[in-house]
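First comes the structure, then the notes that go with it.
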Amino acid sequence: MRREKRKIWQLPWSYKESLIIVFGIIIVGFSLQTIIGGFNFYLLIYPFNLYLGIIILIFILLSLIFQKNAFFKWLTSLHLSTSLLIAITLLSLILGLTKQDNGAINSEDVNIFYHLGFNQMTSSWAFVFIYFLILLSLGAIIAKRKPSFTKKYTIFLLNHLGLWIILFFAGLGYADTKRYIMYVNVGEIEWRVFDKENRVQELPIAIQLNKFTIEEYIPKLAIVNKKTSEILPKDKPEYFQIDTNNKKEISFNGYKIKLIDYIHNAVRSSDSTFKEVPMKASTPAAFVQVKTQKIDKTKWVSAGNSIQFPMVLDIDSSLAIVMTPAEPKSFISNIEVYTKEGTNVKTELRVNHPLKVGKWKIYQYGYDNNMGKMSSYSSFELVYDPWLNIVYVGIALLGLGSLLLIIFGINYKK
Amino acid sequence: MNWEYFIWFAIPSIICWIGASVLVYNTKFKLLSNLLFILGISIFLLFIILFWSSIQRPPFRTIGETRLWYSFFITTTGYITYRIWKYKWILSYTSLVAVVFIIINLLKPEIHSTNLMPALQSYWFIPHVTSYILSYSMLGAATIASFILLRHVEKNENEKKLEDLIDNLVYVGFGFLLLGMLMGCMWAKEAWGNYWSWDPKETWAFLTSTTYLIYIHTRIHKLNIKISLWILIIAIIFLSITWLGINYLPSAQDSIHVY
């Protein structure tokens, strides 16, 4: 028996209707954007995010009670899930192809795309609408599925609930997070910070910077064209890594180069010589020999710093051997943290090793790049995120779900 | 051991892999082809080990180094898939992809021995990158299989086993993709205080994974297989942009992932 061809908008809705509705919502979002501008996530500051969260949960509960209703059936259908995935992929594609800004905008950049909110995609109405629709649909799908002790259900639950928790708390909790930058001079104590808009704020937390140290990698040598400052060879710059254990003559760009001596913490001792002095103003220096059939030269080479002049070895009138500026290996701030409640923590703060003090996390942020080792200050980022732990729960669930997917592969359904 | 020696390991590996890929079609040489393929992988792995121990930092930093791992993982994935699913062409095609990546590394190495900047000195570094490259190699193998299946579909041939193979590779590959992303989140939180900041590389990784999710959902729904296979091909394009193309995007010039 042939089934009668289904007409569009005839229940139950399928891909056609789902895609039309989802893209209709995106068009409404873009229209709204041109009229009233972007969505301000900071409106969702506590307790307003709590109210909205409760409304979402009530909606999901309603979908569970009235699951026979055609609308809720459609809300939890694969047609809508797939359509929403397509929508979020396309919106992310815009996000990935356009340059995003933080509000600072040149007048020449104000064009149709600017009015559609392409430059701040994640807070454009279209993106926000699709995000909330995903929260509703995904939540209703999780609620509807009958729990069972099967592989299939476990993997479904871990992946979908994990994702829902991350989206729910990261999105709705965004306005409650605070992040500030604090600059502290060596030997001083500071409690004032700068927010995103560079406004000064006072925090109930103070940091004293006892000492700031930078360790540097051993630099490299290169041959440059003095007129164009290009490193040879022109298309594929080559660097000679200084290696104190290897002082053999090597062939480099057609020249024979030999490292005779190297001092990591060097200070000029005469016009043309260096000696080792472990102080902040010191800079790496290498005693280098260069040979061809015509020339045989030796000289100290150094990249210098803001106090010491650079030194180069002139091969001829157009080429010279130079040292690259030393790259930082690690920077460490020796700090003491005080809070209003009376806690006092002393530690060495490094990149990738933040410090947790009460509700705050303190990160090593930066230093005076122009001064390098001689930087007179260190900067820290202070982050407060009350919803972090629950987001981590979501990440853990999703991680476990993906691990099970790897283990079982296609057999997860059985 | 440095990149100058790479060619002396790369060429023998290539010879082994190509030899195995040809011999596998002849049942008389089945054992020999298996041995050759494993020998090729072993020679390649030996270079990675010697290289790693001499540069004194994990070789996951430059694009050239990730291509090195990719060649290793895609041949390993190809071999395991061949042993389980018995498709001979998977050996040939994964060898071909590995050879292409080796040749790129020989011609355009992009291997300036970069020092590890402080943000990259983390125990998340190795699992994060390994998970991604493993995922890329499985999804790459899935793409090869999807081209083969598309040809069968054009001829109206039913290939249920091949469909299962693709689904399996995508599920496992997607699992690693997700795991790599989540580890990236944990790492980003420790390094920058933010688990997600829509950095261009993050955005592209996100939309790559949503595209694979579209594939998975259309498969659950038993949508026309042709549509699903084309989604896989779009997904591998997005994946390539995430991995190799980011550096060339104007939107990504301030990205913290450009190297």
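Of the residues making up the range B:130-156, those that are over 13 Å from B:SER228 (Cβ atoms), open to solvent by 20 Å² or more (accessible area, probe 1.4 Å) and either in contact with a Lys or Arg (Cβ under 9 Å, 6 or more places away or on another chain) or part of a helix (DSSP H, G or I) (or both) number 10. Against the list (1) within 23 Å of B:VAL172 (Cβ to Cβ); (2) open to solvent by less than 10 Å² (accessible area, probe 1.4 Å), the condition B:TYR70 fails is (2).
A quick yes/no check of all residues on (1) without any contact (Cβ under 8 Å) to a residue 60 or more places away in the chain; (2) of a type outside the set (Val, Ile, Thr):
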{"residue": "A:PRO12", "(1), (2)": "no, yes"}
{"residue": "A:ILE25", "(1), (2)": "no, no"}
{"residue": "A:TYR42", "(1), (2)": "no, yes"}
{"residue": "A:ILE54", "(1), (2)": "yes, no"}
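Just one of the listed residues (B:PHE51, B:PHE47) is within 16 Å of B:ASN2 (Cβ to Cβ), crowded, with 18+ Cβ neighbours inside 10 Å, modelled with pLDDT of 90 or more and in contact with a Pro (Cβ under 9 Å, 6 or more places away or on another chain), namely B:PHE51.
Name the one entry in A:ASN344, A:ASN352, A:ASN369 that is at pLDDT below 95, in the same structural domain as A:VAL200 (by TED's automatic domain parsing) and on the phi > 0 side of the Ramachandran plot. Outline the logic, then answer.
Working: A:ASN344 fails: on the phi > 0 side of the Ramachandran plot; A:ASN369 fails: on the phi > 0 side of the Ramachandran plot.
One residue alone meets the criteria, A:ASN352.
Under the condition of being β-branched (Val, Ile, Thr) and more than 9 Å from every other protein chain (Cβ to nearest Cβ), which residue from the range B:209-233 is surrounded by the most Cβ atoms within 10 Å (Cβ to Cβ)? So, considering only residues that are β-branched (Val, Ile, Thr) and more than 9 Å from every other protein chain (Cβ to nearest Cβ), the one surrounded by the most Cβ atoms within 10 Å (Cβ to Cβ) is B:ILE231.
Here B:ARG61 meets each of (1) over 15 Å from B:SER137 (Cβ atoms); (2) out of contact with any Leu (no Cβ under 7 Å at 6 or more places or on another chain); (3) touching a residue at least 60 places away in the same chain (Cβ under 8 Å); (4) not polar (S, T, N, Q) with one exception, condition (2).
Only helices (runs of 4 or more DSSP H) wholly contained in the range A:111-220 count here; list those with 3 or more residues that are buried (at least 19 other Cβ atoms within 10 Å of the Cβ) and touching a residue at least 24 places away in the same chain (Cβ under 8 Å).
Working: elements: A:112-115, A:125-144, A:151-172.
Counting at least 3 such residues, we get A:125-144, A:151-172.
Scanning the range B:161-173 for residues that are at the interface with another protein chain (Cβ under 7 Å from one of its Cβ atoms) and out of contact with any Gly (no Cβ under 9 Å at 6 or more places or on another chain) yields a total of 1. In the range A:54-73, the count of residues that are open to solvent by less than 50 Å² (accessible area, probe 1.4 Å) and of a type in the set (Ser, Thr, Tyr) is one or more. Filtering the range A:385-398 to residues that are touching a residue at least 12 places away in the same chain (Cβ under 8 Å), open to solvent by less than 50 Å² (accessible area, probe 1.4 Å) and not small (Gly, Ala, Ser) leaves A:ASP385, A:VAL391, A:ILE395, A:LEU397, A:LEU398. For the range B:23-40, which positions are of a type in the set (A, V, I, L, M) and open to solvent by less than 20 Å² (accessible area, probe 1.4 Å)? Listed by number, the list holds a single entry, B:VAL24. Of all residues in the range A:372-409, those satisfying the criterion of being assigned to a loop (DSSP other than H, G, I, E, B) and either more than 10 Å from chain B (Cβ to nearest Cβ) or at pLDDT 95 or above (or both) are A:SER375, A:SER376, A:PRO386, A:TRP387.
The values are calculated or read from the model by the stated rules, or taken from the named source; none is laboratory data. Being a predicted model, the structure only gives us computed values, none of them experimental. No Cβ is skipped: glycine too gets one built from the backbone with ideal geometry, and neighbour counts run over all protein chains shown. Areas reflect the complete protein model, heavy atoms only, side chains present, ligands, DNA and RNA absent. Shrake-Rupley method; radii C 1.70, N 1.55, O 1.52, S 1.80 Å.
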